[in-house]
Each structure stands twice: as C-alpha cells, then as structure tokens.
C-alpha cells in the first residue's frame, strides 16, 4: 500500500509541476517505518523521529 501511495503522490506532484509551469523540487513523504519505499519513490524529505528518539 505504501509503495502505491508514494508512487501516486510523486506522479501527482509531477503533473502539478507541469500544469503550473513551476518546478516542485521537494516531495515530503514517509516516516521511519517506510523510509526505504518513500526514498525509492522519490521522497526528498522523510520523517525519522522514531529512529532517532524511539517510540513515544
């Protein structure tokens, strides 16, 4: 599910950049538990708080 969602979000970002005529270089998606698929799908920002500070 995460991989499909990340791919769909990247595609949407790319389509929006074309339709607006402006680059959208950042794509924030993913967290500690799914950072690999997020990065593979093109995420430029991943939240990794749990990896750094542990679970709440």
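Values in this text are rule-based calculations from the coordinates and carry no lab data. Because the structure is predicted, anything quoted here is derived from the model rather than measured. Positions of Cβ are generated from backbone atoms using ideal geometry, with glycine treated the same way; all protein chains shown enter the neighbour counts.
Annotations for the structure displayed:
- Relative to the dominant Cα principal axis of the chain, helix 2-20 is inclined by about 30°.
- Pair-distance profile P(r), taking every C-alpha pair of region 1-40, with 10 angstrom steps and integer %: 31, 48, 20, 1
- Residue 2-residue 22 FRET efficiency (beta carbon distance; Förster radius 30 Å; 0.05 resolution): 0.60
- At R0 = 30 Å, FRET efficiency that the Cβ-Cβ distance of residue 12 and residue 32 yields, to 0.05: 0.80
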